[in-house]
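Note sheet for the following structure.
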């Protein structure tokens, strides 16, 4: 038997881009995310797997929307995330 003494890099959260510990990881849209990041962009409530929607919003990035807010129009989504204080992502 061989022992791998090298630590493997932790995956990055698909929402906040921070490292995700295995105990705090869930997979949504085939991306690892923190359990705490799986919240509605409009109201901040915890989303439910299968009952939410992941949407990429230009200049803001990816957001999840709960069952109550997943049918918002694109303009209403932007207004909702702005009202919650999210800022546009800087271009690299």
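Taking segment 4-27 as the range and being surrounded by fewer than 18 Cβ atoms within 10 Å (Cβ to Cβ), under 18 Å from residue 61 (Cα atoms) and at pLDDT below 90 as the test, the residues that pass are 16, 17.
Taking only segment 33-84 into account, find how many residues are at pLDDT 95 or above and on the phi > 0 side of the Ramachandran plot. Result for segment 33-84: 1. Can you work out which of the residues in segment 30-49 that are within 22 Å of residue 20 (Cα to Cα) and more than 12 Å from the chain's Cα centre (by Cα) is surrounded by the most Cβ atoms within 10 Å (Cβ to Cβ)? Step by step, filter segment 30-49, then rank; the result is 45.
Residues in segment 24-56 that are under 12 Å from residue 70 (Cα atoms), free of Cβ contacts under 8 Å to residues at least 12 places away in the same chain and assigned to a strand (DSSP E or B): there are none.
The values are calculated or read from the model by the stated rules, or taken from the named source; none is laboratory data. Predicted, not measured: the structure shown is a model, and the values here were computed from it. All Cβ positions, glycine included, derive from the backbone under ideal geometry; neighbour counts span all protein chains shown.
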